[in-house]
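Everything on this sheet refers to the single structure shown next.
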Ligand code: PFF
């Protein structure tokens, strides 16, 4: 349930519908399902298995797991840092977006954005709120910052309560709420009919057609395949280190095979069935297919925080539907952000012998500092820059590292046995072949194409004007600073004898 909570997040309700609508509608599902079967599910099993294995050896984070699995290779513990670096970098901005969802839930109830909706200025309202500009709606990000402190405190309070008293409880309460909200919204949207009297063709049928009718011609574009794989990584939380950390708390005979599959299934129901029936479908019902196309082009934030409030205003119901939408996003966000923070907490606790309280304090301090930087500089594109690296580039690299370490050091046969230790299902044998050859090859192919088509121009800031370029460089420096801190911590843990030389038997 906790891993499902990590997986089901803002990505399911905002990122997925935009990606699908932009990349061929129903046709997007072909590369998407392939990526799920060949990358997402095998990587989830690998990560669950590696995490539980590390936990058996008193290591609950990438550095310790990689050290143990490689038989004590000196570089392995440093390579393992990637599984803490990625989730924390995502945390630094994700938790701020979570703040918007809670704030907008309040605003829905109190009618605070109604004037902006009436004046067709929701984009201004959002920009003012997040601190990208000062305007008549907000004079600086002060409202956002005060609600941020509540969201921040809630996250760390849940973490302080521990794995079973905090994260597990949150998941048990949050996940049912989330599914109930999602189902209410999907049913509401699917029963809208054709609410705009002048446009009878703006109806649910045509909207679903827009979302799902396959445009097969799009399948020859590499971009569509890359987008599908990127979505699978982000939505399933694989390759990031969160699943590894959660799994390290399992007992040696707790199942990982079925659990990996059920967490994935829960995520896919929330993403394809619910996420695919709410935001973009509603947009096409109220703004027509051409309008929805425009909206999808403007990205997820625009869809969730600008377009949806217009739609809620036309649905009536005194802000209740808007409240349900933003609470849905908030609950989805919180169960994900605690999973993003936990890898560093677990690392500090297991490898630097900190108490849970101290580990949380240290993590929180770093988080406050860097999120503060993001909030103060959001108008310069710092959030997007961090998301580019942590949300799309590095997970693929880290997923490749994980599957390679699994195959090369644990070995597929031993790894397969380990995966089936206490398993409640038998994984089909051909997955042995997939994990060994297909998943790594698919990832290498993806990285190569992606590097040529997208990363290189962005990484080298081609065509970016000087002012923006300097903020991008500063963001990279902040991330590098965080990386140095993690390297220092691993080095310190090593000095304290946490990564000893392993004897042959231990290997
Ligand atoms: N899977 C989450 C979403 O779809 O919003 C986001 C996320 C959580 C990404 C945890 C990565 C992660 F490790």
Query raised in the report: So what's Rg/Rh here for segment 281-358, counting alpha carbon atoms and using the Kirkwood radius for Rh?
Result: 1.26
Requested in this report: For an R0 of 35 angstrom, estimate the FRET efficiency from the Cβ-Cβ distance between residue 397 and residue 269 and round to the nearest 0.05.
Outcome: 0.75
Requested in this report: For segment 175-282, count the residues as N, evaluate 2.2 N^0.38 Å, and divide the Cα radius of gyration by that value, please.
Outcome: 1.40
Report summary line: Most exposed to least, judged by fewest other Cβ atoms within 10 Å, 157, 416, 225 sort to 157, 416, 225
Report task. With all distinct Cα pairs included, what does the Kirkwood hydrodynamic radius of the chain come out to in Å, to one decimal, could you say? Result -> 23.3 Å
Query raised in the report: Taking the simple approach of a point 7 Å from Cα along Cα-to-Cβ for both residue 58 and residue 216, what is their distance in nm?
Result: 6.0 nm
Query - Additional length obtainable on full extension of the chain from residue 444 to residue 470, 0.36 nm per residue less Cα span - result: 6.2 nm
Report summary line: Expected sort for 208, 34, 39 with the fewest Cβ neighbours (10 Å cutoff) up front is 34, 208, 39
Requested in this report: Could you state the angle between the C-alpha long axis of helix 142-160 and the longest principal axis of the C-alpha atoms of the chain, as a value from 0 to 90 degrees rounded to the nearest 10?
Outcome: 40 degrees
Report summary line: Fewest-first ordering of 233, 138, 66, 449 by Cβ atoms within 10 Å yields 449, 138, 233, 66
Query raised in the report: How many angstrom separate the Cα center of segment 94-167 from the Cα center of segment 312-366?
Result: 13 Å
Requested in this report: Let me have the 222 nm mean residue ellipticity of the chain computed from DSSP H runs of 4+ only, each contributing -39500 (n - 2.57), with the sum over all residues rounded to the nearest 500.
Outcome: -20500 deg cm²/dmol
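Since every read-out is calculated from the coordinates, none of them should be taken as a lab result. Values in this document were obtained by computation on a predicted structure and should not be read as measured data. Every residue, glycine among them, receives a Cβ derived from its backbone with ideal geometry; neighbour counts consider all protein chains shown.
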